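Notes follow the structure.
The values are calculated or read from the model by the stated rules, or taken from the named source; none is laboratory data. Just so you know, these numbers come straight off a predicted model, no measurement behind them. All Cβ positions, even for glycine, are placed from backbone atoms using ideal geometry, and neighbour counts span all protein chains on display. Note: areas computed on protein heavy atoms with side chains; ligands, DNA, RNA excluded. Shrake-Rupley method; radii C 1.70, N 1.55, O 1.52, S 1.80 Å.
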Amino acid sequence: MEQALLSTKMAEWKEGSAKSVTLVLTEDCQLRCKYCYLCGKNSTTKMTFEIAKEAIDYVLDHREIYSEEAVVWDFIGGEPFMEIELMDKICDYIKQRMFELNHPWFNNYRFSMATNGLMYDDARVQKFIEKNAAHLSIGISVDGTKEKHDAQRVFPNGEGSYERVVRNVPLWLEQFQGANTKATIGHEDLPLVKDSVLHLWNLGIKEVAMNCIFEDVWQDGDDQILEEQLVALADEILEKKLYLKYNTTLFDRFIGFELTDNQNWCGAGRMVAVDTKGNLHPCVRFVQYSLEKKSAWVTGNAEEGLDFNKIRPFLALNRTVQSPQECIDCEVASGCAWCQGHNYDSADTETIYQRATYICKMHKARVRANNYLWNKLDKIVPPPEDDERVRRLAMRKGMQHLMVIADTDAPSFCYYPTRKVERQKMSVETLKKVVYYALTHNLALNVIVGNEPLDEAFRNVLDECQHVILRPIQSAEKGEGIDVFDFETDSWPEKAGGGILILRIEAKNLPQLSGWLEEHSLAYDRIQIFVKDVEKVGEEELVIYQNVLKSLVDWLPEREEKKPLEISFLTDRLMLEKPNHCDAGIKHVTVAPNGKFYVCPGFFYREKNQDFVISDIDTVLETHELPIKNKQLYQLDHAPICENCDAWQCKRCVFLNKETTLEVNTPSRQQCVMAHLERNASRDLIEPLFLTEEVTIPEIDYLDPFEELMKKKYPTEKGGKVDEC
């Protein structure tokens, strides 16, 4: 099997276990890159060897403070190679002192620097590389194509630097195999992102780190451009199997999920940066030449040492205390980055506890493109069963499915009735938009079709994403999709059989259910049963239903000896640890053939009340929002009768609720009593199925939780009964 090599991020030497010590050698640079955060570049401010020695001695002599097992000595400017002689002298001193002190970092260190590449072929630089190659990491910044690079990385006179930089790339890659470049995306060069990544790969740079800048530069529509660029790049990666050779941080398998931790993103405070005067800072972004609006944040100096009180805010900092509520609640928050120094510089006051969110929409665009790539790639190279992304997808709390009515002639798969409407079929063009939306939002499709077979073009589009087909049993191929059988109108075909069957039956025919199951149940592993006229069930039918359940409780253990069978209203409660409601409006919505979104299929077929039309596919693709009216009413915590009920197998159908009680969050008496008859029947199965050690269902003395709610809400001296109005 082919192995996808496109990884989640660039590997870093001793990641998490190495102390980062940054030395600012100079504030000068040959270039004036338009997006550079170093707003105070100058040709006069440089570090002296004496200052460097003092800082190095302080760090090496205070093992109780800098106790990590390894160290990265990072040299920065401006352009660090403009001070190559000083850098060489400092590196020699570091090696000498670590040896003299028998320091644990001796032979467990890296010298690291990012360069603009202009001086890479300088004889002095090459001599330095040769001398330190075993402990050296160098990155050259190339932004992409000549057009993109020269749009941002320019000399003071405005001339682009591409040609003078790229001429040194072959030598660099020869000396540092597997080296990566760091490229930056700004507003002006967004349309060049795709071609730039491909260009860098073609130059031989297999590892491309690329990110959007954090500053307030993004304009309306920029997120759409980024998404289009990344989706086009994803298509190229998939078509040419570039995932087998190359990597870019633009695609990260683990971004775009709800937060699972409260850690700070940035490492400021855990690292140390030394400016040209010997002052200590939480990182280089807190040095004065990096700050446009604020004063430098100094945490000490090489002579007097570290002021621990100035570091405390950084070490105490977490994600929550600096983020606005929208970031805390964001369903795609994982992987959203920030810079602590930029937060500080752009904050309303002199604080690091105010997070800048200018990058928000660009992160969300990147998430959508990532979803698109990984959902497609997982169909080409299936992930292992223990894959972390698959696990996170399964744990999501938000929208997970789209119900797609491909044909108005399709059968109902739930409680809702269909109605005679003018025949509509979803067009291939509409389906393409729906599939794109599903891919970019991590949604699986449940496609409801009619008796006619799907044409090839329609099926080819469906095959791009995860989907399952729900179809009339007469037109089903054995083992494919989910079969839907209507007890009153359908005939049982010889080819019937597979994994799941949806059975819809009227209440008056429930006495025939046991016999029917004995005859047909061996064809399927699971049968999902819906009483399609629940709203008409009276007290007499409830007694009949209870007797039907009792007969099934007696029959099922014997049937289990032949082949295990799940019957939704009996066995689900034995397996569930929490409610398994329909969750229309929460975990899924419906797209009709007209391209409009509805809360569920029932509301599409419902002739009245347009409150349940959500939006249309074009608007949703543009806004990335599903504006469900009164969305909170679909949540369990806004359903007073249901929120404490433990009849977890109940689907809590919001369509049926609306039809019977006029509120989507309030079930009818029939639904509640039938669900509790099922719950109690499941309880009677615990012992026959030998589940006494695994399953506990408490005994209760009521069938309608509404009555229990009324007792608690309106207690009286009459044993809890509510006085008549």
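Looking for something free of Cβ contacts under 8 Å to residues at least 40 places away in the same chain and of a type outside the set (A, V, I, L, M) - is there at least one such residue anywhere in segment 396-409? There is no residue in segment 396-409 that is free of Cβ contacts under 8 Å to residues at least 40 places away in the same chain and of a type outside the set (A, V, I, L, M).
Please determine whether any residue of segment 238-254 is free of Cβ contacts under 8 Å to residues at least 40 places away in the same chain and of a type in the set (Lys, Arg). Yes. For Gly78, the conditions (1) surrounded by fewer than 19 Cβ atoms within 10 Å (Cβ to Cβ); (2) without any contact (Cβ under 8 Å) to a residue 60 or more places away in the chain all hold with the exception of (1). Kindly indicate the residue of segment 513-535 that is touching a residue at least 40 places away in the same chain (Cβ under 8 Å) and part of a helix (DSSP H, G or I) and also farthest from Ile686 (Cα to Cα) among those meeting that condition. My answer is Glu535. For Gln177, the criteria (1) within 30 Å of Asp92 (Cα to Cα); (2) in a strand (DSSP E or B) hold in every case but one, which is (2).
Quick one: would you say Lys194 is among the charged types (D, E, K, R), under 23 Å from Gly335 (Cα atoms) and either open to solvent by 10 Å² or more (accessible area, probe 1.4 Å) or assigned to a loop (DSSP other than H, G, I, E, B) (or both)? So Lys194 fits the description; yes. Scanning segment 631-645 for residues that are under 16 Å from Lys713 (Cα atoms) and either in contact with a strand residue (DSSP E or B) (Cβ under 7 Å, 6 or more places away or on another chain) or open to solvent by less than 70 Å² (accessible area, probe 1.4 Å) (or both) returns Ala639, Pro640, Ile641, Cys642, Cys645.
Yes or no, residue by residue, for (1) of a type outside the set (A, V, I, L, M, F, W, C); (2) in contact with a Pro (Cβ under 7 Å, 6 or more places away or on another chain):
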| site | (1), (2) |
| --- | --- |
| Gln424 | yes, yes |
| Ala438 | no, no |
| Val461 | no, no |
| His467 | yes, no |
| Lys495 | yes, no |
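The condition of being over 26 Å from Arg285 (Cβ atoms), in contact with a strand residue (DSSP E or B) (Cβ under 9 Å, 6 or more places away or on another chain) and at pLDDT 95 or above holds for only one of Met98, Met87, that being Met98. Among the numbered conditions (1) closer than 17 Å to Arg368 by Cβ; (2) surrounded by fewer than 20 Cβ atoms within 10 Å (Cβ to Cβ), the only one that His187 does not meet is (1). One residue alone among Glu607, Glu539 is surrounded by fewer than 16 Cβ atoms within 10 Å (Cβ to Cβ) and touching a residue at least 60 places away in the same chain (Cβ under 8 Å), and that residue is Glu607.
Table: residues versus (1) open to solvent by less than 20 Å² (accessible area, probe 1.4 Å); (2) hydrophobic (A, V, I, L, M, F, W, C); (3) touching a residue at least 60 places away in the same chain (Cβ under 8 Å); (4) assigned to a loop (DSSP other than H, G, I, E, B).
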{"residue": "Glu331", "(1), (2), (3), (4)": "no, no, yes, yes"}
{"residue": "Thr351", "(1), (2), (3), (4)": "no, no, no, yes"}
{"residue": "Arg355", "(1), (2), (3), (4)": "no, no, no, yes"}
{"residue": "Tyr358", "(1), (2), (3), (4)": "no, no, yes, yes"}
{"residue": "Arg366", "(1), (2), (3), (4)": "no, no, yes, no"}
{"residue": "Trp374", "(1), (2), (3), (4)": "yes, yes, yes, no"}
{"residue": "Lys379", "(1), (2), (3), (4)": "no, no, yes, no"}
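Considering segment 101-116, and only residues there that are polar (S, T, N, Q) and part of a loop (DSSP other than H, G, I, E, B), the residue that is least open to solvent (accessible area, probe 1.4 Å) turns out to be Asn116. When Met98, Met119 are checked against the criterion of being in a loop (DSSP other than H, G, I, E, B) and of a type outside the set (Val, Ile, Thr), a single residue qualifies: Met119. The residues in segment 487-507 that are more than 35 Å from the chain's Cα centre (by Cα), in contact (Cβ under 8 Å) with a residue 24 or more places away in the chain and open to solvent by 40 Å² or more (accessible area, probe 1.4 Å) can be counted, and the count is 2. Within segment 100-119, the set of residues being closer than 19 Å to Ile65 by Cα and of a type outside the set (Ser, Thr, Tyr) comprises Leu101, Asn102, His103, Pro104, Trp105, Phe106, Asn108.
Cβ separations smaller than 6 Å between residues 6+ apart or across chains give the following pairs from segment 172-190 residues that are touching a residue at least 12 places away in the same chain (Cβ under 8 Å) to residues that are open to solvent by 10 Å² or more (accessible area, probe 1.4 Å) and assigned to a helix (DSSP H, G or I): Glu188/Ala151; Asp189/Ala151; Leu190/Ile225.
Within segment 101-114, residues that are within 30 Å of Cys29 (Cα to Cα) reach partners that are open to solvent by less than 70 Å² (accessible area, probe 1.4 Å) and in a loop (DSSP other than H, G, I, E, B) with beta carbons closer than 8 Å, at six or more positions or on different chains, in the pairs Ala114/Ser141.
Annotation note: of Ala296, Ala273, the sole residue that is of a type in the set (A, V, I, L, M), touching a residue at least 40 places away in the same chain (Cβ under 8 Å) and in contact with a helix residue (DSSP H, G or I) (Cβ under 6 Å, 6 or more places away or on another chain) is Ala273. When Ile686 is tested against (1) touching a residue at least 40 places away in the same chain (Cβ under 8 Å); (2) among the β-branched types (Val, Ile, Thr); (3) under 25 Å from Tyr598 (Cβ atoms), only condition (3) is not met.
Just one of Leu689, Leu685 is over 16 Å from Tyr416 (Cα atoms) and open to solvent by less than 30 Å² (accessible area, probe 1.4 Å); which is it? First the steps, then the outcome.
Working: Leu689 fails: open to solvent by less than 30 Å² (accessible area, probe 1.4 Å).
From the options Leu689, Leu685, the qualifying one is Leu685.
The number of residues in segment 417-454 being closer than 23 Å to Arg504 by Cβ, at pLDDT 95 or above and in contact with a helix residue (DSSP H, G or I) (Cβ under 6 Å, 6 or more places away or on another chain) comes to 1.
Please tell me if Leu402 is open to solvent by less than 50 Å² (accessible area, probe 1.4 Å), modelled with pLDDT of 95 or more and in a helix (DSSP H, G or I).
Numbers: open to solvent by less than 50 Å² (accessible area, probe 1.4 Å): yes; modelled with pLDDT of 95 or more: yes; in a helix (DSSP H, G or I): no.
So Leu402 fails the test.
Restrict the check to segment 236-246 and report whether at least one residue is at pLDDT 95 or above, part of a helix (DSSP H, G or I) and among the acidic types (Asp, Glu). Yes, because at least one residue in segment 236-246 is at pLDDT 95 or above, part of a helix (DSSP H, G or I) and among the acidic types (Asp, Glu).
Of everything in segment 299-321 that is over 37 Å from the mean Cα position of the chain (by Cα) and either within 18 Å of Tyr37 (Cβ to Cβ) or in contact (Cβ under 8 Å) with a residue 40 or more places away in the chain (or both), the residue that is surrounded by the fewest Cβ atoms within 10 Å (Cβ to Cβ) is Glu303.
Can we say Leu552 is touching a residue at least 24 places away in the same chain (Cβ under 8 Å), open to solvent by less than 10 Å² (accessible area, probe 1.4 Å), assigned to a helix (DSSP H, G or I) and under 23 Å from Cys653 (Cβ atoms)? Lay out the reasoning, then the answer.
Values: touching a residue at least 24 places away in the same chain (Cβ under 8 Å): yes; open to solvent by less than 10 Å² (accessible area, probe 1.4 Å): yes; assigned to a helix (DSSP H, G or I): yes; under 23 Å from Cys653 (Cβ atoms): yes.
Here the answer is yes, as Leu552 does meet what is asked.
When the residues of segment 212-265 are narrowed to those that are on the phi > 0 side of the Ramachandran plot and among the small types (Gly, Ala, Ser), which ends up most open to solvent (accessible area, probe 1.4 Å)? Full working, then the answer.
Within segment 212-265, the subset on the phi > 0 side of the Ramachandran plot is 221, 241, 256.
This time we only want the ones that are among the small types (Gly, Ala, Ser), so: 221, 256.
Details: Gly221: 35, Gly256: 6 Å².
Taking the candidates together, the pick is Gly221.
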